[in-house]
Amino acid sequence: MNPRKVLIIGGTGHIGCYLVPRLVQSGFEVHVLARHARPQYTDPRLGWPSVQWIIADRGPEEKSGAWADRMRAIDASVVVDLICFHPEQQQVMYEAFRGRIDHFLHCGTIWSYGAAEHIPYEESHPRRPLSDYGKNKAAIEAFLFEKFKREGFPATVIHPGHISGRKWRPVDPHGAWENLDIYNRLATGQEVVLPDVNAILHHVHADDVAQLFELAIQQRERALGEAFSAVAALAMSPAGCCRAIARMFGREPNLRFVLLNELDRHLSKASAQCMRDIVIHTTACSIAKGQRLLGYQPRYTTEQIYAECLDYLLESGQLKV
């Protein structure tokens, strides 16, 4: 087994696009499994020429059984799974790699934490997920750590917040991402409606998530059997996000606060539901554990994330103010 050989499953997405160049630069032999041999969010000239590609489509192969055979045939020391969403998928990965790898890293989510009872939320707090997505991720985490405790399966789980990056729209102050109207309204001084209750958004740049994955790989002994939150140093309220965005355009936000059950009168159905989900979760996460054990220091604040993303939206013509 090559101790420097890393397999990244789903390595051309948000996190992988930043993790791959980091690991290449650190001297790892990086193998990327993806449907297409090209990164989606970073320049293919930076680090990617050194990548060994495995072209595969996970969904169809899982249905046919070919995925399990493919995993058993792969020889790697470190496996990073960025696209595992159901416990059944994790069972296959466990059976394929148990007893023959040094480190298995799973990408979770802060949505597996559920509604926070203490703020900031620490990784040791109970998991009480509300959505199916969060419940499945929490079940995967529980499975991996049970196998670590019982058998020494070398698992680490990284839980990203609201992932953003230059070419990926950030979660907006309404908790949504598909509608650019809120940015136009903030840029031009138009009214933006928010709920009159507390809510918290905790963004993270994809490169900071990649940083935490890299630190965990480099410091395996400190990371084994541990979960870490990958978020910016500080969470922000929707109102704070609005103010940060408006000020980039030289304005103060024109905000109106309404009752939570009145949001549907002012927002699209999708944005109103996203806002309610944010209010229910109210998750601000601590990064103290990642700092203490691994030296995690996020480079991006939420304000800087919005600045980078808005710069690209303007440059690419997606946002016209």
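The values are calculated or read from the model by the stated rules, or taken from the named source; none is laboratory data. Since we're looking at a predicted model, the values are computed, not measured. We place every Cβ from the backbone using ideal geometry, glycine too, and count neighbours over all the protein chains shown.
Only residues that are within 20 Å of the chain's Cα centre (by Cα) and not β-branched (Val, Ile, Thr) were counted across region 55-92, and they come to 9. Taking the criterion of being crowded, with 22+ Cβ neighbours inside 10 Å and among the aromatic types (Phe, Trp, Tyr), the residues of region 102-144 that qualify are PHE104, TRP111, TYR113, TYR121.
In region 14-30, the residue that is modelled with the lowest pLDDT out of those that are crowded, with 20+ Cβ neighbours inside 10 Å and not β-branched (Val, Ile, Thr) is HIS14. Only residues that are of a type in the set (A, V, I, L, M, F, W, C), in a loop (DSSP other than H, G, I, E, B) and touching a Pro at 6+ places or on another chain (Cβ under 8 Å): list them for region 161-185, please. Residue satisfying the conditions is TRP177 alone. Elements of the type strands (runs of 3 or more DSSP E) sitting completely within region 203-321 and holding at least 2 residues that are aliphatic (A, V, I, L, M) and surrounded by fewer than 23 Cβ atoms within 10 Å (Cβ to Cβ): these cover 254-258.
Is it the case, given these coordinates, that ARG38 is in contact with a Ser or Thr (Cβ under 9 Å, 6 or more places away or on another chain) and basic (Lys, Arg)? Judged against the criteria, ARG38 is a match. On the given criteria, is PHE153 of a type in the set (Phe, Trp, Tyr), touching a helix residue (DSSP H, G or I) at 6+ places or on another chain (Cβ under 8 Å), part of a loop (DSSP other than H, G, I, E, B) and at pLDDT 95 or above? It is true that PHE153 is of a type in the set (Phe, Trp, Tyr), touching a helix residue (DSSP H, G or I) at 6+ places or on another chain (Cβ under 8 Å), part of a loop (DSSP other than H, G, I, E, B) and at pLDDT 95 or above. Of everything listed in (1) at pLDDT below 95; (2) within 19 Å of GLU122 (Cβ to Cβ); (3) of a type in the set (Phe, Trp, Tyr), the single unmet condition for PHE145 is (1).
When the criteria are applied in full, ALA155 meets the requirement of being in the same structural domain as LEU23 (by TED's automatic domain parsing), under 19 Å from the mean Cα position of the chain (by Cα), crowded, with 19+ Cβ neighbours inside 10 Å and not charged (D, E, K, R).
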